[in-house]
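Reading through the structure tokens given below for one structure.
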Amino acid sequence: PHAGPLESKNEAAMSELVPEPRQKPVVPMKPMGINANLLGYIGIDTIIEQMRKKTMKTGFDFNIMVVGQSGLGKSTLVNTLFKSQVSRKSSGWNREEKIPKTVEIKAIGHVIEEGGVKMKLTVIDTPGFGDQINNENCWEPIEKYINEQYEKFLKEEVNIARKKRIPDTRVHCCLYFISPTGHSLRPLDLEFMKHLSKVVNIIPVIAKADTMTLEEKIEFKQRVRKELEVNGIEFYPQKEFDEDLEDKTENDKIRQESMPFAVVGSDKEYQVNGKRVLGRKTPWGIIEVENLTHCEFALLRDFVIRTHLQDLKEVTHNIHYETYRAKRLNDNGGLPPMTVETEENHESNL
């Protein structure tokens, strides 16, 4: 039976008075721990590939300096290190030429490419070092050159309209050649390393190690290490710059066992047991340059190029250059060093 109009009105009034039962509030779920399975793959690991592509486009700079007396095989060793003619050997002294009275600085730049990686390599030679009767303060031109490169970088850095990529001519590594006397370091060696270890990464190497027997070599290495320690000379890798325990363990092994590297350089190939090897021919056989039982050249190459090249650059930038920069700005009252040239640039920019 259908309800009358009066009843339907009453029902409508009742429904207005009686509130509808409210729904229970939803209790929020406990937050679940976010894990890799829940989110899946994002792609963070491609950052390395992005960085690789960028650096591959720009390329790398590496500046290596070689210091030592004439005839220690500096050019030969650098050529062996990079397996190409990157350092020009002097073709012997003739009577017309005069022996240089002061230390000269010769920088030769090259572009080396390997596996798609381009590196702008600069080899800085120092002919005339330690060749005089009086070698007093003969490290000064070298120290001056190193500081000039820091100054050049600083001037570019403090410019208002500075370059996006500042050309890097700073010396990242200095190979110091020790004469294979078998006795001890000369006063010149100690003085050079004392002065220069504060401004550049020094890696000491014993040149022409084939002139010593194995026993003499081991004894000489130990003696050199002891002398460097007694004189408070810090060579690369410096103890205070080890970033973590892994670095410390690795570098301690190098400092205590390998340094200074006893090396032999050669750019001539010989046939040994059906293989072509770099070596030096002697009446009693061939000294293989890359054979660890013969010399430590392979260790030096791995150290400088394969494991520590980037670290050499970082220590140069973050430690040696920063020390120079802080001192330079501090001496100038905290302001960038203003020269006539930078003042003119500053005024034109304004």
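Structure above, values below:
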quantity: Selection from region 66-80 of residues that are open to solvent by less than 10 Å² (accessible area, probe 1.4 Å) and farther than 14 Å from A209 by Cβ; calculated: V66, V67, V78, N79
quantity: Residue among K221, K313 that alone is closer than 30 Å to F153 by Cβ and surrounded by 14 or more Cβ atoms within 10 Å (Cβ to Cβ); calculated: K313
quantity: Candidates V263, V304 - the one that is under 27 Å from P187 (Cα atoms), open to solvent by less than 30 Å² (accessible area, probe 1.4 Å) and under 19 Å from the mean Cα position of the chain (by Cα); calculated: V304
quantity: Pick from region 281-317, criterion polar (S, T, N, Q) and assigned to a loop (DSSP other than H, G, I, E, B), ranking: modelled with the highest pLDDT; calculated: T293
quantity: Qualifying residues in region 100-141 (those that are open to solvent by 100 Å² or more (accessible area, probe 1.4 Å) and β-branched (V, I, T)) - the one modelled with the highest pLDDT; calculated: V111
quantity: Matching residues in region 199-214 - criterion: being at pLDDT 90 or above and either open to solvent by 50 Å² or more (accessible area, probe 1.4 Å) or touching a Cys at 6+ places or on another chain (Cβ under 8 Å) (or both); calculated: V200, N201, I202, I203
quantity: Cβ pairs under 7 Å, 6+ apart, first in region 139-155 and outside any helix (DSSP H, G or I) and of a type outside the set (V, I, T), second open to solvent by less than 50 Å² (accessible area, probe 1.4 Å) and at pLDDT below 95; calculated: W139/F192; W139/L196
quantity: Qualifying position, being within 30 Å of G73 (Cα to Cα) and of a type in the set (K, R), among K163, K198; calculated: K198
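The values are calculated or read from the model by the stated rules, or taken from the named source; none is laboratory data. From a predicted model like this one, the values you see are computed outputs, not experimental measurements. Every residue, glycine among them, receives a Cβ derived from its backbone with ideal geometry; neighbour counts consider all protein chains shown. Heavy atoms of the whole protein, side chains included, go into the accessibility calculation; ligands, DNA and RNA do not. Shrake-Rupley method; radii C 1.70, N 1.55, O 1.52, S 1.80 Å.
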